[in-house]
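To start, the structure itself, in structure tokens.
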Amino acid sequence: MRAKSFGRWLPGLVLSLAVGVASAGEDKHKYKPIHFEAELENEHVVEGAPETGATGRASAVLVGNELTVHGSFHGLSSQLRDIEADPENPGVHIHPGAAGEAYSYIYGMPVDLGADERSGIFYGRFELSDEEVALLLDERLYVDIHTVDYGPGEVRDQLRPVEPEEARKRLEKHSPAPHEVDPAEIEGTNDNAGHIH
């Protein structure tokens with residue numbers, strides 16, 4: 001008798017488990033990917049904006065809480081600030097903070113330098129916390145490139161959504177709300193540059 005009962009509810013159990021696993025897998029993709037861009041320029045640096053003519057560009061995509069970033073730069077005045085001390089994290093960083101604000105970085109990105117060591121490409125993939133996602137959607141994460149001559153940053157810009165309406169839609173459903181997040185309290189993972197953790 002038990003065998004017959006087990007046989008009756010087993011297919012339902014398997015179906016429930018399959019739906020649960022599928023739902024967990026879909027959770028990461030329940031939102032449309034959101035693309036971001038940043039135009040890295042001298043004028044966006046907060047502490048004593050330099051006038052070196054260096055420029056850069058960053059593109060990023062947010063899928064679930066996973067952020068993938070890549071970009072390039074050229075015309076830096078000097079080598080990357082930390083290239084000697086930490087070649088895997090030489091000075092291209094993501095920081096929390098709005099335009100005009102400066103906080104410690106939370107993610108560093110590896111760089112492939114050009115022959116002149118003043119140009120290059122950078123990349124990274126990160127699993128953001130819910131607080132970091134809130135800041136990103138609210139245009140309160142920025143990319144900053146630090147050099148020997150300009151330690152606080154030579155070029156910088158906010159990561160801005162390419163389609164602001166998509167960011168706004170996700171932000172309306174997101175918790176915590178951006179106003180509940182203090183960038184000064186966001187702790188970085190500086191020892192894990194460019195890799196998902």
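Please treat every number below as a calculation from the coordinates, not as lab data. Model, not experiment: these values are computed from the prediction. Quick reminder, even Gly has a Cβ in these numbers, built from the backbone with ideal geometry, and neighbours come from all protein chains shown.
Observations
- A crude spin-label estimate for the pair Ala184 and Glu117, with each label 7 Å from Cα along the Cβ direction, gives 3.8 nm.
- For the pair Val61 and Val162, label points projected 7 Å from Cα toward Cβ lie 0.8 nm apart.
- Sorting Glu154, Glu132 from the fewest to the most surrounding beta carbons within 10 angstrom yields Glu132, Glu154.
- Residue order for His35, His179, fewest other beta carbons within 10 angstrom first, comes to His179, His35.
- Relative contact order of region 30-185, defined on C-alpha pairs under 8 angstrom at six or more residues apart (%): 29
- Sorting Glu37, Glu180 from the fewest to the most surrounding beta carbons within 10 angstrom yields Glu180, Glu37.
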